[in-house]
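The values are calculated or read from the model by the stated rules, or taken from the named source; none is laboratory data. A quick note: this is a predicted structure, and the numbers were derived from the prediction, not measured. Counting neighbours? That spans all protein chains shown, and the Cβs are built from the backbone with ideal geometry, glycine included. Quick note on the areas: whole protein, heavy atoms, side chains included, nothing else; ligands and nucleic acids left out. Shrake-Rupley method; radii C 1.70, N 1.55, O 1.52, S 1.80 Å.
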Amino acid sequence: MLSLESKKLRRLHYRSGFDYAELEMTNTISKSRLETIEVEVRQAVATTPVCDVHTHLYDPAFGPLLLWGIDALLVYHYVVAEAFRFLPLSCERFWALSKTEQANLIWEALFIEHSPVSEACRGVLTTLNALGLDANQRDLPAIRQWFAEWKVEDYLERCLELAGVSTLCMTNSPFDDVERGIWERGFTRHPAFTAALRIDPLLLQWNEAVPRLAQWSYAVTPELSPKTVDETRRFLADWTRRIQARYLMVSLPPGFNYPAQTECAQLMEKAVLPHCRDYGLPFALMLGVKRGVNPGLRLAGDGVGPCQLESLENLCAQNPSNKFLVTVLARENQHGLCVAARKFPNLHLFGCWWFTNIPTVIDEMTRMRLELLGTSFTVQHSDARVLDQIIYKWRHSRAIIADVLVEKYLALAQTGWEPSNDEIERDVKDLFGGTFAKFCSPVSSSIDLPAKGFDGQGF
Ligand code: RAT
Ligand code: ZN
């Protein structure tokens, strides 16, 4: 027999509507106050603007690099991977098609011939629905026609508004030829877009990075001599200043080790971490991606593996003056990561990344993080590659975050501790980017860093 308490907790856990009368019996808070708390939490989650701390979206000044519209939504690599569960043609033949032809095939396979129940497919429909389109007609040409009438500047504002997003952090790589040229020429920046310096090729393909750096007038050689390290730091400093980077970022495979004699670990230790200290910037690590498990699928061909959290613990322990922003890809790493964050004030967790950005896992991770870390983390990021995706990614996440938070605040109320509306709003702001901005700020309290960099504002 379940006790009243565990029945109540179960009901709370599955959140099929709360039995306020039962909760009311156990404490002094009235049913109407409990209902008010629920309304206040849902209201705060629905209306608090989000600082989206990691996306692959671009300032409109980057022209075609900012993807948007129905075809881009349909050929998003999360969707492509699912389409290949059904598509009868080879990867080569698929990639040889135009984007519109690819989108047509995906629409047929995932929306017409089967029901679009996966998270990525539902996301397309949530987006269309929020934009006021009737996808129920299953009329792809009509949907295309609707998008064709928008100008990107207006569409950007519409998406930001519908998603409740105030700022977006881009992923900016000097190793991308198109992007590099635009930064070098210069442009007027859109106020909603901040930048992050992405350095995967530098840390993971050093031998290929060397000739490129040399070509850009940095005197580097394959051997990590003091001169090469200095020149690599000059490269990082130039790009940090040029793009006004808010943080540096890399994604790493499950086998990443630190400390180690590998080029990756040595470059981190000698160039990246000193640079981050110098500029008061965090280093963001995305751990556990296996690139190119099926290379034929291109971006859709990456996989997941558990990472060694010991290496992260070593990084945090051995570099107490560095700040680390971390998200991990494997579900089985999430609990250990929360425990690591309890040990290191210089470690900040963010978002439910990629394969973990599905309702089942967002629910579990958000619950686990709140239970182990309180509100000292960033609850979600979108990782959007197509502008319109911010609408569904944030709508879907907000719904889950609201449910979990309602449960947590009602559990508090059960103890007799009533959260005020101001406290609820404060907490939601923190989870939606406030804590992130404080952590990134060069004057962040628990970490002693010189402040050569930027003001940490604007997330
Ligand atoms: O989530 C994604 O879109 C992945 O393709 C990756 O880009 C990942 O988010 C990353 O930043 O490496
Ligand atoms: Zn990403």
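Odds and ends about this structure:
- Selection within segment 95-139 - assigned to a loop (DSSP other than H, G, I, E, B) and surrounded by fewer than 14 Cβ atoms within 10 Å (Cβ to Cβ): SER98, GLU113, SER115, VAL117, GLY132, ASP134, ARG138, ASP139
- Filter result (away from ligand 1 (no atom under 16 Å from the Cβ) and among the basic types (Lys, Arg)) within segment 283-333: LYS323
- Residues of segment 43-68 classified as in contact with a Lys or Arg (Cβ under 8 Å, 6 or more places away or on another chain), under 21 Å from ALA120 (Cα atoms) and either modelled with pLDDT under 95 or not hydrophobic (A, V, I, L, M, F, W, C) (or both), total: 2
- Among the candidates ALA214, ALA148, residue that is more than 24 Å from the chain's Cα centre (by Cα) and more than 30 Å from ARG398 (Cβ to Cβ): ALA214
- Some residue of segment 283-306 being over 29 Å from ASP230 (Cβ atoms), of a type in the set (S, T, N, Q), assigned to a helix (DSSP H, G or I) and away from ligand 2 (no atom under 16 Å from the Cβ): no
- Odd one out for GLU92, checked against (1) open to solvent by less than 80 Å² (accessible area, probe 1.4 Å); (2) in contact (Cβ under 8 Å) with a residue 60 or more places away in the chain: (1)
- Hey, GLY374 out of contact with any His (no Cβ under 8 Å at 6 or more places or on another chain), farther than 30 Å from VAL80 by Cβ and surrounded by fewer than 17 Cβ atoms within 10 Å (Cβ to Cβ) or not: yes
- Flag if ARG246 is assigned to a strand (DSSP E or B), touching a helix residue (DSSP H, G or I) at 6+ places or on another chain (Cβ under 9 Å) and either of a type in the set (Asp, Glu) or touching a residue at least 24 places away in the same chain (Cβ under 8 Å) (or both): yes
- Residue list for segment 320-368, restricted to those being open to solvent by 30 Å² or more (accessible area, probe 1.4 Å), of a type outside the set (A, V, I, L, M, F, W, C) and not in a helix (DSSP H, G or I): PRO320, SER321, PRO345
- Verdict on ARG385 being within 16 Å of ligand 1 (Cβ to nearest atom), touching a Phe, Trp or Tyr at 6+ places or on another chain (Cβ under 7 Å) and open to solvent by 10 Å² or more (accessible area, probe 1.4 Å): yes
- Any hit, segment 43-55, residues being assigned to a loop (DSSP other than H, G, I, E, B), free of Cβ contacts under 8 Å to residues at least 40 places away in the same chain and surrounded by 18 or more Cβ atoms within 10 Å (Cβ to Cβ): no
- Residue match in segment 67-88 (condition: surrounded by fewer than 18 Cβ atoms within 10 Å (Cβ to Cβ), free of Cβ contacts under 8 Å to residues at least 60 places away in the same chain and part of a helix (DSSP H, G or I)): no
- Of all residue pairs spaced 6 or more apart or on separate chains, those with beta-carbon atoms under 7 Å, a first member in segment 273-294 that is closer than 14 Å to LEU325 by Cβ and a second member that is open to solvent by 10 Å² or more (accessible area, probe 1.4 Å) and at pLDDT below 95 are GLY280/PRO442; GLY280/LEU449; GLY280/PRO450; GLY280/ALA451; GLY280/LYS452; GLY280/GLY453; LEU281/GLY453.
- Counting the residues of segment 281-296 that are in contact with a helix residue (DSSP H, G or I) (Cβ under 9 Å, 6 or more places away or on another chain) and open to solvent by less than 20 Å² (accessible area, probe 1.4 Å) gives 8.
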